[in-house]
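Below is one structure, written out as structure tokens; comments come after it.
The values are calculated or read from the model by the stated rules, or taken from the named source; none is laboratory data. Quick caveat: nothing in here was measured; it's all calculated off a predicted structure. Cβ: placed from backbone, ideal geometry, glycine included. Neighbour counts: every protein chain shown.
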Amino acid sequence: MADQTVEQKDENRLHILRHAAFTAADVRAMERPLLETGVPLMRMAATATAHVTADLLDEEGMALEDANIALLAGSGDNGGDGLFAAAILAQNGASVTAIAVGRSLHGDAFDAFIRAGGKVLVLDPASEVPGCAAGFSAGEAGERLRAAIELARHSHVIIDAMTGIGLDGALRGIAGTMAASLGVDGTVPDRTALPDGDTAGEFPLVVAVDAPSGIGIDDGAITGPYIPADVTVTFGALKPAAMLPPASYACGRVTLVDFGFDIDGHTPFVEAVSGDNASETIRLPHLADTKYARGVTGLITGSDRYPGAAVLSAKAAAVSNVGMIRYMGPQRARDMVLDAVPEAVMGKGRVQAWVVGSGVPADDPDSDEEQADPQRQIIAKLLSHYALDDEHDPDIAYEMPPIVVDAGALDLLPDEVPSQVVITPHAGELASLLVGRGLDVDSRDVQLEPLHWAIRAHELTGATVLLKGAITVIVGERAEDDVDDVDSGATVHGDDDAATSDVRVLVAGRAPAWLGTAGAGDVLAGMVGSLLAQQDDEDISYADVAAVGAYLHGYAAAIASESDQRGFNPPTIYGTTTAAPLGKLGHPILASAVADAIPEAFRRLLS
Ligand SMILES: NC(=O)C1=CN([C@@H]2O[C@H](COP(=O)(O)OP(=O)(O)OC[C@H]3O[C@@H](n4cnc5c(N)ncnc54)[C@H](O)[C@@H]3O)[C@@H](O)[C@H]2O)[C@@H](O)CC1
Ligand SMILES: [K+]
């Protein structure tokens, strides 16, 4: 690092800030030394929030003097940020009402807000806000609540400063009622996927302070009410909620205010794959390579019922930078694969990675063993070599090549396997896998708390878990050297699984929403298989390779659909980068078009 120039260091820092998220506990640890030396973090947070709010109004063609702003203020420091920001907006002509959802308000911030001419509406009869009468009747409390909701609904901007990293569980009490009335309760944000830089632009615009109040800060879970934001202004470093689904869908555009935290001294809890990671994971051909040295991917995919999946997975694998693919399947699928990929070799042989299960029917409880799809029987036999149990030799399991276990093969997964087994379920498939292991969970639970359930699946099976979605979540083991870093770091976590540091958590959010189409999963399985096959580093993190597969898959989809929309957009760093020009929405695509765009995705990443 010593020979890095200042510019490189700055660039590295920006890259980390935009692609790494730290737990609330780590953010507090990073903020402490700055607060101890008197850095006015709250003022800095508030100034940025005020600027972003004014810019947002400006984008909608509204002058600050004409704007009515409703500030939802909690009693903690998040409310303090909001009140200081609101004071700046009021000083600049906006008409601002602070709605106190707790019993108190941050003292200094409240004083500044009142001096700036702000108005206050107190909702809790037991509140102690200077100059605001309390002790009113239950009837009046109800009236006040209704008035506050109406006021917020008819404002131009709602600034949501009820809770930030101090949130404990789902929003309760008055804050919960406000959020449920103005936003949604316990459901995934229902929003149109807009291209980079765009917002729905409807009043009231919602600016979240640090995070939309109510979303799971460390695990991205949605378990109660919250108000989906158009813009989130977040402080110091990204928190996992800004990256993890479904919470990140509630954040809108994110602006990060860099406080100068010592981010190098802390290990991120979640990392988003970037083009840089992706290009590093691609093995460039060597001068003396043969097709075998570049990697061979073996596929046991497709079936008489779904032969198309064989073609999609084989084609995607073949163009994902390996020397060769081998295909095994029924005659019709073999003919179709050969038609699409004449280069494919049919039948058994040595491979560096397997892909199994795409387009293979899942277990049919009504059919007997003999009638089971022949592909299932072959896959079951192969997977038995990966089993870590008393009946099998664990050395064999650990020495088997990496394997992608998709779709119809998921229910054939042995109880426990090593981490080179990469499972690629969507929410429903992950729920079935967990139910099969005695857990009580359904597809909706997985959609609302994807990280939690992906971690459970990784812990239970040992497999690397790639949970597909608009933002794909990947959970696996950390690479060896990475583990040392975490152990020696100051990171101290509670027993909450969202804050466990011994798992590697990544997100891949490069894909446009157009990618949600039949066959896309088959293409992904083939790509991940070939990325695994080409690795020649013994100590690779399977989670990282799988995540890069998902990133490249998304990138190919973006090229195929000509779309600038993506599941996760890295934040704008306040004051350093200008907003990107408005992107293109793009057009619908077929999964085969995604496979066709893979070579171009490689080209762009490598150039
Ligand atoms: N970490 C940092 O670097 C900085 C943090 N600041 C702000 O400070 C915030 C953290 O402040 P605090 O620690 O005071 O915590 P918060 O203000 O985030 O939350 C605490 C408040 O939320 C209420 N609350 C918690 N859980 C609730 C629930 N389930 N239902 C209803 N109410 C609930 C509490 O009663 C309390 O009033 C950050 O999010 C950020 O906005 C900034 O001021 C500047 C620097
Ligand atoms: K908030």
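Could we say that residue 210 is crowded, with 20+ Cβ neighbours inside 10 Å, within 14 Å of ligand 1 (Cβ to nearest atom), on the phi > 0 side of the Ramachandran plot and of a type in the set (D, E, K, R) here? So residue 210 fits the description; yes.
Any chance region 151-174 includes a residue that's assigned by TED's automatic domain parsing to the domain that holds residue 42, more than 16 Å from ligand 2 (Cβ to nearest atom) and over 24 Å from residue 67 (Cβ atoms)?
No, every residue in region 151-174 fails to be assigned by TED's automatic domain parsing to the domain that holds residue 42, more than 16 Å from ligand 2 (Cβ to nearest atom) and over 24 Å from residue 67 (Cβ atoms).
Annotation: of all residues in region 143-168 being farther than 16 Å from residue 78 by Cα and within 16 Å of ligand 1 (Cβ to nearest atom), the one that is surrounded by the most Cβ atoms within 10 Å (Cβ to Cβ) is 148. Among the residues of region 192-218, those identified as modelled with pLDDT of 85 or more, over 16 Å from residue 171 (Cβ atoms) and aliphatic (A, V, I, L, M) are 193, 205, 207.
The set of residues in region 371-406 being outside any loop (DSSP other than H, G, I, E, B) and surrounded by 16 or more Cβ atoms within 10 Å (Cβ to Cβ) consists of 375, 376, 378, 379, 380, 382, 383, 397, 403, 404, 405. Suppose the filter is of a type in the set (Asp, Glu), at pLDDT 95 or above, in the same structural domain as residue 296 (by TED's automatic domain parsing) and within 26 Å of the chain's Cα centre (by Cα); does residue 406 pass it? For residue 406, the condition - of a type in the set (Asp, Glu), at pLDDT 95 or above, in the same structural domain as residue 296 (by TED's automatic domain parsing) and within 26 Å of the chain's Cα centre (by Cα) - is met. Are any of the residues in region 115-127 away from ligand 2 (no atom under 16 Å from the Cβ), assigned to a helix (DSSP H, G or I), in contact (Cβ under 8 Å) with a residue 40 or more places away in the chain and of a type outside the set (Ser, Thr, Tyr)? Scanning region 115-127, I find no residue that is away from ligand 2 (no atom under 16 Å from the Cβ), assigned to a helix (DSSP H, G or I), in contact (Cβ under 8 Å) with a residue 40 or more places away in the chain and of a type outside the set (Ser, Thr, Tyr), so the answer is no.
Test residue 595 against the stated conditions and say whether it is hydrophobic (A, V, I, L, M, F, W, C) and either surrounded by fewer than 19 Cβ atoms within 10 Å (Cβ to Cβ) or farther than 16 Å from residue 470 by Cβ (or both).
Working: hydrophobic (A, V, I, L, M, F, W, C): yes; either surrounded by fewer than 19 Cβ atoms within 10 Å (Cβ to Cβ) or farther than 16 Å from residue 470 by Cβ (or both): yes.
Against the criterion (hydrophobic (A, V, I, L, M, F, W, C) and either surrounded by fewer than 19 Cβ atoms within 10 Å (Cβ to Cβ) or farther than 16 Å from residue 470 by Cβ (or both)), residue 595 qualifies.
Is at least one residue of region 62-74 touching a Lys or Arg at 6+ places or on another chain (Cβ under 9 Å), of a type outside the set (Lys, Arg) and more than 19 Å from residue 257 (Cα to Cα)? Yes; the residues of region 62-74 include at least one that is touching a Lys or Arg at 6+ places or on another chain (Cβ under 9 Å), of a type outside the set (Lys, Arg) and more than 19 Å from residue 257 (Cα to Cα). Restricting the first member to region 140-168 and to residues that are closer than 27 Å to residue 216 by Cα and among the polar types (S, T, N, Q), and the second to residues that are away from ligand 1 (no atom under 16 Å from the Cβ) and modelled with pLDDT of 95 or more, the beta-carbon pairs closer than 7 Å and six or more apart or on different chains are 155/68; 155/69; 155/70; 155/204. Residue check: residue 221 meets all listed conditions (1) farther than 25 Å from residue 452 by Cα; (2) more than 13 Å from ligand 2 (Cβ to nearest atom) but one, namely (1).
Among the conditions (1) more than 23 Å from residue 146 (Cα to Cα); (2) in contact with a Pro (Cβ under 8 Å, 6 or more places away or on another chain); (3) within 16 Å of ligand 2 (Cβ to nearest atom), residue 41 misses just one, which is (2).
Could you please give the count of residues in region 186-207 that are crowded, with 16+ Cβ neighbours inside 10 Å and within 16 Å of ligand 1 (Cβ to nearest atom)? Selection size over region 186-207: 2.
Out of the helices (runs of 4 or more DSSP H) lying entirely within region 1-98, which hold 3 or more residues that are within 16 Å of ligand 1 (Cβ to nearest atom) and surrounded by 14 or more Cβ atoms within 10 Å (Cβ to Cβ)?
Working: elements: 6-19, 24-36, 41-59, 77-91.
Those helices (runs of 4 or more DSSP H) span 24-36, 41-59, 77-91.
Beta carbons closer than 8 Å, at least 6 apart along the sequence or on distinct chains, pair a first residue in region 50-64 that is closer than 22 Å to residue 210 by Cα with a second that is surrounded by fewer than 18 Cβ atoms within 10 Å (Cβ to Cβ) and among the β-branched types (Val, Ile, Thr) for 56/199; 59/199.
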